Amino acid sequence: MNAAPHPEVPLPLPPVRGAWREGDPPGRRRWYAAEKPLPLEAGGELPGVRLAFETWGRLAPDAGNAVLVLHALTGDSHVAGPAGPGHPAPGWWEGLIGPGLALDTDRWFVVAPNVLGGCQGSTGPATRRADGRGAWGGAFPFLTQRDQVAAEAGLADALGIGRWALVVGGSMGGMRAVEWAVSSPERVGALLLLATTAAASAEQIAWSAVQLTAIRTDPDWQGGDYHGTGRAPHTGLGLARRIAHVTYRSEPELAIRFGRTPQHAENPFAGGRYQVESYLDHHAAKLVQRFDAGSYVVLSEAMNAHDVGRDRGGVRAALGRVTARTLVAGVDSDRLYPPAQQAELAALIPSADRLRVVESPYGHDGFLIETEQVGALVRELLG
């Protein structure tokens, strides 16, 4: 049975940039500013590092109740809460954080940073350089997951958190979560890895490369130096989002929801769209309202570089360092980060339990949608 036509929700014209900028409403954000430049794995250093972050709950006197939540590619620090001034979208993991929920804020102090290189308050391509010479743009340095975790460790130090009770992340956030547990095992008490991998695969890099090409071949990309020009690569970013979104969902779900049904009265034989095309158009339009193409490029390249075993004797040796009590879960319908990748993590992390499976028709996005199943895993780890 086909779903009802995807509703056409009018969206305003895209802004020149979707990034949060100085002078915009702060919303729930707070900021951490590093005192020293951040040394980078690829060489050089990044000065003026700031991370935007949000918190829920209260830190215990011994700082033993802190939980770190790490977002995926187009996420940000706004894990829970409504859309509003400073927050273009509602929390991306609603139903997981709050009184009585899996991350019970009457018990736990939850911290969610916007990743380094992101575009919702943290230092990234859209932010001004430390010397005030305009936006970083295309000159923003190459980042790896290890650089991003090093910046987050500085945030933890500033908050007085020596050890996280739990680090949890899915997809790109899971990459950083496993990097936390490998690089600083003494700082991670428990670990929840969702729909992620020990190292980016050739296929994942290939899908990303197509998206990066879509952005970089947009004439308005301007070598990444489009900030302040009045033009931005919305077409390329929208195309990248369309490609990515197909990989995020499952074929059976798309077939059931849309089938071959045209969009409303549109005739595909006369230039009209199918419902599934309208669906992709809608998600592309939403992303360009709230995200920066430069950040999409920087973060995608960091994901492609992810290899927890690099310079550590390989994946097996690196994962052998993990001491945190660990649960690894995959989504049964995930075709972008297939469960075999999570099975490898579960098999090679000495402190991991058996692989858990999140049952969902929604593909990779299942780790974001199936909050009840994810919440059960969180409760199991935290007791």
Practice prompt. Would you confirm whether any residue within the range 259-277 is in contact with an Asp or Glu (Cβ under 8 Å, 6 or more places away or on another chain), touching a residue at least 24 places away in the same chain (Cβ under 8 Å) and outside any loop (DSSP other than H, G, I, E, B)?
Written response: no
Within the range 157-180, the residues that are part of a helix (DSSP H, G or I), out of contact with any helix residue (DSSP H, G or I) (no Cβ under 6 Å at 6 or more places or on another chain) and within 26 Å of Asn304 (Cβ to Cβ) are Gly173, Gly174, Ala177, Val178
Among residues of the range 334-349 being in contact with a strand residue (DSSP E or B) (Cβ under 9 Å, 6 or more places away or on another chain) and in a loop (DSSP other than H, G, I, E, B), the residue nearest to Leu192 (Cα to Cα) is Ile349
Of the candidates Gly100, Gly137, Gly117, Gly121, the one satisfying the condition of being more than 18 Å from the chain's Cα centre (by Cα), crowded, with 16+ Cβ neighbours inside 10 Å and farther than 22 Å from Pro61 by Cβ is Gly137
Counting only residues in the range 20-64 that are outside any strand (DSSP E or B) and acidic (Asp, Glu), the one modelled with the lowest pLDDT is identified as Glu22
Reported set for the range 210-233 where residues are outside any loop (DSSP other than H, G, I, E, B) and more than 22 Å from the chain's Cα centre (by Cα) is Pro219, Asp220, Trp221, Gln222, Gly223
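Yes/no per residue for (1) part of a helix (DSSP H, G or I); (2) more than 17 Å from the chain's Cα centre (by Cα); (3) farther than 30 Å from Gly86 by Cα:
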position	(1), (2), (3)
His283	yes, no, no
Lys286	yes, no, no
Val297	yes, no, no
Arg310	no, yes, yes
Ala318	yes, yes, yes
Thr326	no, yes, yes
Pro361	no, yes, yes
Gly366	yes, no, no
Glu372	yes, yes, no
Of the conditions (1) within 20 Å of Met175 (Cβ to Cβ); (2) open to solvent by 10 Å² or more (accessible area, probe 1.4 Å); (3) not aliphatic (A, V, I, L, M), the single one that Ser77 does not satisfy is (2)
Please verify whether the range 142-149 includes one or more residues that are in a helix (DSSP H, G or I), open to solvent by 20 Å² or more (accessible area, probe 1.4 Å) and within 23 Å of Thr326 (Cα to Cα). yes
Item checked: Check on Ala130, assigned to a helix (DSSP H, G or I) and surrounded by fewer than 24 Cβ atoms within 10 Å (Cβ to Cβ) -> no
When restricted to Ala324, Ala340, Ala347, Ala318, the only residue free of Cβ contacts under 8 Å to residues at least 40 places away in the same chain and touching a Gly at 6+ places or on another chain (Cβ under 9 Å) is Ala340
Query - Gln342 surrounded by 19 or more Cβ atoms within 10 Å (Cβ to Cβ) and among the polar types (S, T, N, Q) - result: yes
Residue hits (the range 54-89; in contact (Cβ under 8 Å) with a residue 60 or more places away in the chain and at positive phi) are Ala63, Gly86
*Condition test on Ala255, is it open to solvent by 10 Å² or more (accessible area, probe 1.4 Å) and without any contact (Cβ under 8 Å) to a residue 12 or more places away in the chain?*
yes
From the option list Val322, Val378, Val357, single residue qualifying as closer than 25 Å to Gly75 by Cα and buried (at least 20 other Cβ atoms within 10 Å of the Cβ) is Val378
Looking across the range 81-97 at residues that are open to solvent by less than 40 Å² (accessible area, probe 1.4 Å) and assigned to a loop (DSSP other than H, G, I, E, B), the single one that is farthest from Phe53 (Cα to Cα) is Leu96
Just one listed residue, out of Arg310, Arg316, is basic (Lys, Arg), open to solvent by 40 Å² or more (accessible area, probe 1.4 Å) and either at pLDDT below 95 or farther than 29 Å from Gly224 by Cβ (or both), and it is Arg316
When (1) over 22 Å from Glu94 (Cβ atoms); (2) more than 20 Å from the chain's Cα centre (by Cα); (3) in a helix (DSSP H, G or I) are applied to Arg354, the one that fails is (3)
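The values are calculated or read from the model by the stated rules, or taken from the named source; none is laboratory data. Just so you know, these numbers come straight off a predicted model, no measurement behind them. Note that each Cβ is placed from the backbone with ideal geometry, even for glycine, and that neighbours are counted across all protein chains shown. The area values use the complete protein model at the heavy-atom level, side chains included, leaving out ligands, DNA and RNA. Shrake-Rupley method; radii C 1.70, N 1.55, O 1.52, S 1.80 Å.
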